[in-house]
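The values are calculated or read from the model by the stated rules, or taken from the named source; none is laboratory data. It should be emphasised that the depicted structure is a prediction, and the values quoted were computed from it without experimental measurement. A quick note on method: Cβ atoms are made from the backbone with ideal geometry, for glycine too, and the neighbour counts reach across all protein chains shown. Note: accessible area is taken over every heavy atom of the protein model, side chains too, but ligands, DNA and RNA are not part of it. Shrake-Rupley method; radii C 1.70, N 1.55, O 1.52, S 1.80 Å.
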Amino acid sequence: MNKIHLSKLKSLIFKVMIKFKTLRAFVFPGIIIALSVFMAGAQPSAKNDDPLMKIYRATAPRINDLVHTKLDVRFDYKKRYLYGKEWVILKPHFYPTDTVRLDAKGMDLNNISLVRDGKYMPLKFKYDDSLSVAIQLDRVYHNNETYTIYISYTSKPDQLKAKGSAAINAAKGLYFINPDSTEKGKPVQIWTQGETESNSAWFPTIDKPEQKTTEEISMTVPAKYVSLSNGRLASQKLNGDGTRTDTWKMELPHSPYLFMMAVGNFKIYHDHWRNKEVDYYLEPAYAPYAKEIFGLTPEMITFYSKTLGVDYPWNKYSQVVVRDYVSGSMENTTATLHGSQVQETHRELIDANYDFARQSIAHELFHMWFGDLVTCESWSNLTLNESFADFSEMLWAEHKYGKDEGDAHGYQALQGYLFTPGASTKNLVRFYYDDKEDMFDAVSYNKGGRILNMLRNYLGEAAFFKGLNIYLKTNAFKAADAQQLRLVLEEASGLDLTWFFNQWYYGAGHPVLNISYKWDETAKKETVYVQQNQDGQIFKLPIAVDVYAGGKKERHKVWISDKADTLTFDVASKPDLVNVDGDKILLCTKTDKKTVSEFAFQYFNAPLYLDRLEAIDTAAVHQADKDAQKVMIGALKDKYYGLRIKAINSLKMDIPAIHDATLPVLTSLAQTDENTLVRAAAITVLGKLKIAANMEMFKQALNSQSYAVQGAALNAINSLDPKQALGLAEGFEKDNLKALTQAIIAVYVQNGSDEHWPFVLKKFNETQFKFPLVRNVANMTATVKSPEYAQQGIAKLKDWAIINIQFGTAPFVDGLLTDIKSKRIKLNDYVSVKAVDDAIKQIDAAK
């Protein structure tokens, strides 16, 4: 599931931090850190005295094995029920047994019978706490025998109380979206979400990832709608009553949590990979953009198939986009489900680059191998699913967009892990945890993806991917644990990897390095001191050290293995730069005591994204220094757009040398850079300078097709002429999204009146990822004259805080509401003051 994550994120706040972790901090300054604080609420570190943390979370015992699952379901849209019939074939795993236990959450179980020779024999059963049912079979069965159980049941998902996770914010399995059509503009849909063990809320099963079963689902749906499920569409039958029954068959085994259904008014775009169907299901309004949104999928399938040496293993690949999804995306076998954030128009896609949606598409596709073909045998081993999918985002970025994009993606994922409170205390493979949902965090996603990248670097491309090939072929249609991954990588490489897995998979934390240098002119020796300052284990680190001297680079491969290591190199002349971790591969934090001039040399001579980023970060702090100025000026023309944005956003324009040297460059970037986000960043900086002569340039930028450029230009105009900006903002009300919407609202908050509130409220309601709008909505709520409008804003802020309560939104919104209260008091609006008090109480009660 995608999942930071840095996430597949999927949109809600988690979009940024785990499944949606890859939204760039330099595109939306401050959001990553703010959301990191929110994530502290989602992923609190477990206390050592928590008794739940002392329980060993064993792989579920396999008493019975699923063989085949046949379902016949229909839906009651009014009651939000599913009426189901199930025929499930099972067999004892090894030991003889006369009982079977199935997970069945919150159901009415009407009939449970044994099916033999076409006859149905009622069986005795005990339904424990409406969570699982223990069924007494008619006799003892052995593992060379199968038996078939029939179950008639009613699923009531909206009445089920189930805990979600940081990655999946609800767990009722089956979701009815706008079933009574009361929400204007929202489609009527049904969809499912099975991970971790929620599919047993809509059909009885052994809901464990180690189980594998073939599948057949017959769905009776309104004939006007489209259906989707796993596998192939075997038949469609019109029933004469306005309904149609679609039968989907999955003829290769997969885990129960990967079963899926989706029903709605989707338009299907038909694509293909070789002779296999590749289809995209979208809302009709977004159908014209299907190829732009999903069109790289066949190329991704080719790339992953070639890289892994295992062709895409399933009969088809579909992707469907749904409303109100509870996560980012979900890798249901052959039929990935995405949240609506991936639906974007052509104009939105202009600003997309390798954004969350593109990352999510890559992430979920890779799960078809890692997670679906080979599944983690327990949630303790979730790394075998999610770390690989996280890693795949970087792989695709490197292949399609270049190494800088891949490295930038990896760096942002690393920050998602480092900024997550408590993450450094957790093992990647975790046998002790409070709840299985806790496994879906920045360790399983972000950290695990970076660990795989270190393995790839250490073993080399050929050995690493040979090992993955063996892993997939050996464990196809089975479940596996992390030790099996270690063994195949050892088989491929011939190297012992126990040390690596012990420290990275079965240990917690990361190196915290302090690096310092000393040059001995007499002895012609460069000494590097590397100290590990982290609590806990001392890491064994194979790294490259690049020494730049005399116009040449010499690489040294060394091992760091002690709390304090001393490395000595013979060099003919004083080095211009010693670059520790020359491949920039380490999962670590570090204090690197290079001089500003050494970092400047690094920017212009070391090749990698992180080499240049480190230099820009240092130069940004020392912009009065001439070497730092060279870096800042040079970085404005960096080959990678992300670093151009980083440099633009870091400029201190109050320093005369920076101002004079960069102003013409910024003006050029604002008008001609090939990347719209770079143009927008340059316009933003120029707007803050309030140079009247730039007004015409800003007005010209309003003609851009890029919402990012338009939004930046409108903000810039607002800084020069608020009245003119207000009129322009009103002119954009009919066509605005994302950055332009934010800019319009900012103008209305500063210069508008109550007549602009309906637009602000409407956009807040429509926008899925509301965080960038929250503060401005609060500001306008505080100042509108109408108490009715103020109370609408208070209610919306309260609802947003409660919906996202697990992400730590409560303190943030409580603070905004407190400010609103003080301003409404000054306006003598005591009805709204009471509404604030009530809202804070409701938010506090939801914590």
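Scanning the stretch 185-210 for residues that are of a type in the set (Gly, Ala, Ser) and open to solvent by less than 10 Å² (accessible area, probe 1.4 Å), which turns out nearest to the chain's Cα centre (by Cα)? Full working, then the answer.
In the first step, residues of the stretch 185-210 are kept if they are of a type in the set (Gly, Ala, Ser); the result is 185, 194, 198, 200-201.
Now narrow it down to the ones that are open to solvent by less than 10 Å² (accessible area, probe 1.4 Å): 194, 198, 200-201.
Details: Gly194: 17, Ser198: 20, Ser200: 25, Ala201: 25 Å.
The extreme case among them is Gly194.
Per-residue answers, yes or no, for (1) under 18 Å from Ala408 (Cβ atoms); (2) assigned to a helix (DSSP H, G or I); (3) open to solvent by 20 Å² or more (accessible area, probe 1.4 Å):
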{"position": "Lys637", "(1), (2), (3)": "yes, no, yes"}
{"position": "Leu643", "(1), (2), (3)": "yes, yes, no"}
{"position": "Lys652", "(1), (2), (3)": "no, no, yes"}
{"position": "Thr662", "(1), (2), (3)": "no, yes, no"}
{"position": "Ala670", "(1), (2), (3)": "no, yes, no"}
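Applying the selection to the stretch 250-296, what residues are part of a strand (DSSP E or B) and hydrophobic (A, V, I, L, M, F, W, C)? It would help to see each step written out before you state the result.
First pass over the stretch 250-296, keeping only residues part of a strand (DSSP E or B): 250-254, 261-264, 267-273, 276-282.
Listed by number, the residues that qualify are Met250, Leu252, Met261, Ala262, Val263, Ile268, Trp273, Val278, Leu282.
Tally up the residues in the stretch 86-137 that are open to solvent by 20 Å² or more (accessible area, probe 1.4 Å), closer than 25 Å to Pro253 by Cα and hydrophobic (A, V, I, L, M, F, W, C), please.
Qualifying residue count, the stretch 86-137: 6.
Give the stretch 255-286 a look and list any residue that's among the small types (Gly, Ala, Ser) and either in contact with a helix residue (DSSP H, G or I) (Cβ under 9 Å, 6 or more places away or on another chain) or open to solvent by 30 Å² or more (accessible area, probe 1.4 Å) (or both), or say none. Even if it seems obvious, please write down each step before you answer.
Restricting attention to the stretch 255-286, the residues satisfying the condition of being among the small types (Gly, Ala, Ser) are 255, 262, 264, 285.
Within the stretch 255-286, just Ala285 meets the criteria.
Counting only residues that are over 34 Å from the mean Cα position of the chain (by Cα) and among the β-branched types (Val, Ile, Thr), how many does the stretch 531-551 have?
Total satisfying the criteria: 1.
From the residues in the stretch 423-446 that are assigned to a loop (DSSP other than H, G, I, E, B) and in contact with a Gly (Cβ under 7 Å, 6 or more places away or on another chain), which one is farthest from Phe370 (Cα to Cα)?
Kept after step one, since they are assigned to a loop (DSSP other than H, G, I, E, B), are these residues of the stretch 423-446: 426-431, 433-435, 440-442.
So of that shortlist, the ones also in contact with a Gly (Cβ under 7 Å, 6 or more places away or on another chain) come out as 427-428, 442.
On the way: Asn427: 20, Leu428: 16, Ala442: 18 Å.
Checked the stretch 423-446; the qualifying residue farthest from Phe370 (Cα to Cα) is Asn427.
Being among the small types (Gly, Ala, Ser) and either within 20 Å of Asp441 (Cα to Cα) or open to solvent by 40 Å² or more (accessible area, probe 1.4 Å) (or both) is the filter here, so list the residues in the stretch 798-814 that pass it. If you could, list the steps in order and put the result at the bottom.
Step one: of the stretch 798-814, the residues among the small types (Gly, Ala, Ser) are 801, 808, 810.
Passing the criteria: only Gly808.
Residue pairs, Cβ under 9 Å, 6 or more apart or interchain, first in the stretch 299-324 and at positive phi, second open to solvent by less than 20 Å² (accessible area, probe 1.4 Å) and among the polar types (S, T, N, Q). List them.
Asp324/Asn178; Asp324/Gln189
Looking only at the stretch 198-236, count how many residues are more than 23 Å from Tyr317 (Cα to Cα) and in a strand (DSSP E or B).
Total satisfying the criteria: 2.
Name the residue that is nearest to Asn776 (Cα to Cα), counting only residues in the stretch 687-740 that are of a type in the set (A, V, I, L, M, F, W, C) and in a loop (DSSP other than H, G, I, E, B). Please lay out each step first, then the result.
First, pick out the residues of the stretch 687-740 that are of a type in the set (A, V, I, L, M, F, W, C): 689, 691-693, 695, 697-698, 701-702, 708-709, 712-714, 716-717, 720, 725-726, 728-729, 732, 737, 739-740.
Within this subset, residues satisfying the condition of being in a loop (DSSP other than H, G, I, E, B) are 691, 702, 732, 737.
Numbers: Ile691: 26, Leu702: 22, Phe732: 18, Leu737: 16 Å.
Across the stretch 687-740, the extreme among qualifying residues is Leu737.
Identify, from the list Ala670, Ala661, the residue that is among the small types (Gly, Ala, Ser), under 32 Å from the mean Cα position of the chain (by Cα) and more than 20 Å from Lys403 (Cα to Cα).
Residue meeting the stated conditions: Ala670.
Is it the case, given these coordinates, that Val488 is among the β-branched types (Val, Ile, Thr), in contact with a strand residue (DSSP E or B) (Cβ under 9 Å, 6 or more places away or on another chain) and surrounded by 15 or more Cβ atoms within 10 Å (Cβ to Cβ)?
On the way: among the β-branched types (Val, Ile, Thr): yes; in contact with a strand residue (DSSP E or B) (Cβ under 9 Å, 6 or more places away or on another chain): no; surrounded by 15 or more Cβ atoms within 10 Å (Cβ to Cβ): yes.
Spelling it out, it is not the case that Val488 is among the β-branched types (Val, Ile, Thr), in contact with a strand residue (DSSP E or B) (Cβ under 9 Å, 6 or more places away or on another chain) and surrounded by 15 or more Cβ atoms within 10 Å (Cβ to Cβ).
Answer with yes or no whether Thr741 is open to solvent by less than 30 Å² (accessible area, probe 1.4 Å), of a type in the set (S, T, N, Q) and at pLDDT 95 or above. It would help to see each step written out before you state the result.
Numbers: open to solvent by less than 30 Å² (accessible area, probe 1.4 Å): yes; of a type in the set (S, T, N, Q): yes; at pLDDT 95 or above: yes.
So Thr741 passes the test.
Checking the condition of a type outside the set (Phe, Trp, Tyr), closer than 30 Å to Glu197 by Cα, assigned to a loop (DSSP other than H, G, I, E, B) and open to solvent by 10 Å² or more (accessible area, probe 1.4 Å), which residue from Ala523, Ala508 passes? Spell out how you get there, then give the answer.
Details: Ala523 fails: closer than 30 Å to Glu197 by Cα.
When all the criteria are applied, what remains is Ala508.
Taking the stretch 586-595 as the search range and keeping residues that are open to solvent by 30 Å² or more (accessible area, probe 1.4 Å) and in contact with an Asp or Glu (Cβ under 9 Å, 6 or more places away or on another chain), which one is farthest from Trp504 (Cα to Cα)?
Taking the stretch 586-595 first, the residues open to solvent by 30 Å² or more (accessible area, probe 1.4 Å) are 589-591, 593, 595.
Imposing the further condition that a residue be in contact with an Asp or Glu (Cβ under 9 Å, 6 or more places away or on another chain) reduces the set to 590, 595.
On the way: Lys590: 18, Thr595: 32 Å.
Taking the candidates together, the pick is Thr595.
Among the residues in the stretch 683-696, are any within 28 Å of Asp576 (Cβ to Cβ), modelled with pLDDT of 95 or more and touching a Ser or Thr at 6+ places or on another chain (Cβ under 9 Å)? Walk me through it before giving the result.
Taking the stretch 683-696 first, the residues within 28 Å of Asp576 (Cβ to Cβ) are none.
Scanning the stretch 683-696, I find no residue that is within 28 Å of Asp576 (Cβ to Cβ), modelled with pLDDT of 95 or more and touching a Ser or Thr at 6+ places or on another chain (Cβ under 9 Å), so the answer is no.
Of the numbered conditions (1) open to solvent by 10 Å² or more (accessible area, probe 1.4 Å); (2) in a loop (DSSP other than H, G, I, E, B); (3) in contact with an Asp or Glu (Cβ under 8 Å, 6 or more places away or on another chain); (4) not hydrophobic (A, V, I, L, M, F, W, C), Asp311 fails exactly one; give the number of that condition.
(3)
Is it fair to say Val100 is touching a Ser or Thr at 6+ places or on another chain (Cβ under 9 Å) and either part of a loop (DSSP other than H, G, I, E, B) or more than 24 Å from Gly264 (Cβ to Cβ) (or both)? Spell out the reasoning first.
Details: touching a Ser or Thr at 6+ places or on another chain (Cβ under 9 Å): no; either part of a loop (DSSP other than H, G, I, E, B) or more than 24 Å from Gly264 (Cβ to Cβ) (or both): yes.
Here the answer is no, as Val100 does not meet what is asked.
Condition (residue is touching a helix residue (DSSP H, G or I) at 6+ places or on another chain (Cβ under 6 Å) and on the phi > 0 side of the Ramachandran plot) applied to the stretch 724-741: is it met by at least one residue?
Yes: the stretch 724-741 contains one or more residues that are touching a helix residue (DSSP H, G or I) at 6+ places or on another chain (Cβ under 6 Å) and on the phi > 0 side of the Ramachandran plot.
Does Leu586 satisfy being of a type in the set (A, V, I, L, M, F, W, C) and touching a Phe, Trp or Tyr at 6+ places or on another chain (Cβ under 7 Å)?
Values: of a type in the set (A, V, I, L, M, F, W, C): yes; touching a Phe, Trp or Tyr at 6+ places or on another chain (Cβ under 7 Å): no.
Against the criterion (of a type in the set (A, V, I, L, M, F, W, C) and touching a Phe, Trp or Tyr at 6+ places or on another chain (Cβ under 7 Å)), Leu586 does not qualify.
If I ask for residues that are farther than 23 Å from Asn533 by Cβ, outside any helix (DSSP H, G or I) and within 27 Å of the chain's Cα centre (by Cα), which ones from the stretch 585-633 would you list?
Leu608
Out of the residues in the stretch 532-561 meeting the condition of being touching a Ser or Thr at 6+ places or on another chain (Cβ under 8 Å) and in a strand (DSSP E or B), tell me which one is least open to solvent (accessible area, probe 1.4 Å).
Leu541
If Lys163 meets every condition in (1) out of contact with any Asp or Glu (no Cβ under 7 Å at 6 or more places or on another chain); (2) modelled with pLDDT under 95 apart from one, which number is that one?
(1)
Would you say Tyr517 is in a helix (DSSP H, G or I) and either under 22 Å from Val558 (Cα atoms) or not hydrophobic (A, V, I, L, M, F, W, C) (or both)?
No, not satisfied.
Among the numbered criteria (1) under 29 Å from Asp351 (Cβ atoms); (2) surrounded by fewer than 16 Cβ atoms within 10 Å (Cβ to Cβ), which single criterion is violated by Ala564?
Exception for Ala564: condition (1).
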